[in-house]
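The values are calculated or read from the model by the stated rules, or taken from the named source; none is laboratory data. The model shown is predicted, which means the values in this text are computed figures rather than measured ones. Please note: Cβ atoms are built from the backbone with ideal geometry, for glycine as well, and neighbour counts cover all protein chains shown.
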Amino acid sequence: MRGALHVLGTIVLVPYAALAAGFAMLDQAIARGSLGGFLVALLSHALWLIPWGLLGIIAAIALLATLGLSARLRWLGGACLGLIAASCVVVLLAVPNSKLGASELLFLLPCIVVMVFGAWLAVVEWRARR
């Protein structure tokens, strides 16, 4: 049951991670200061993503999901799930001009639930190993 919940948490986390990565890339491109720098930054990100980035991202998602299915490594999968979810929450809350209201918290609630579940899974599975 824990393995299936871990895979479900991984599936829930993917859109939040994509959104956080998009905001981080956009912030880096905007920091260039000019339209030419902005376009060059976006082009360099696209040139990196197209050949290897997408394959690496898919492999990382598959690896994270399989860590939760393995009974020996489930604690590591839970820790990774919790850390990735926590970093996504931090990046999405750090977006400038964003007010923290009820609708924003409702949007972030699944990611926060995955973060808490990942931390809980890591602690429970680590104690079970000992």
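So that you can scan it fast, the table gives a plain yes or no per residue for (1) without any contact (Cβ under 8 Å) to a residue 12 or more places away in the chain; (2) outside any helix (DSSP H, G or I); (3) among the β-branched types (Val, Ile, Thr):
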| residue | (1), (2), (3) |
| --- | --- |
| 23 | no, no, no |
| 29 | no, no, no |
| 39 | yes, no, no |
| 43 | yes, no, no |
| 96 | yes, yes, no |
| 107 | yes, no, no |
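For the stretch 48-56, the count of residues that are over 11 Å from the mean Cα position of the chain (by Cα), modelled with pLDDT of 85 or more and small (Gly, Ala, Ser) is at least one. Of everything in the stretch 108-130 that's in contact with a Lys or Arg (Cβ under 9 Å, 6 or more places away or on another chain) and either within 16 Å of residue 13 (Cα to Cα) or surrounded by 12 or more Cβ atoms within 10 Å (Cβ to Cβ) (or both), which residue is modelled with the lowest pLDDT? Only one residue fits best here, namely 125.
Which ones in the stretch 81-94 are assigned to a helix (DSSP H, G or I) and among the aliphatic types (A, V, I, L, M)? Lay out the reasoning, then the answer.
Within the stretch 81-94, the subset assigned to a helix (DSSP H, G or I) is 81-93.
Selection gives 81, 83, 84, 85, 86, 89, 90, 91, 92, 93.
Among the residues making up the stretch 2-20, those that are over 17 Å from residue 62 (Cβ atoms) and hydrophobic (A, V, I, L, M, F, W, C) are 5, 19, 20. The set of residues from the stretch 62-72 being hydrophobic (A, V, I, L, M, F, W, C) and crowded, with 20+ Cβ neighbours inside 10 Å comprises 64, 67. For the stretch 73-107, taking the residues that are more than 12 Å from residue 6 (Cα to Cα) and crowded, with 18+ Cβ neighbours inside 10 Å, the one that is modelled with the lowest pLDDT is identified as 91.
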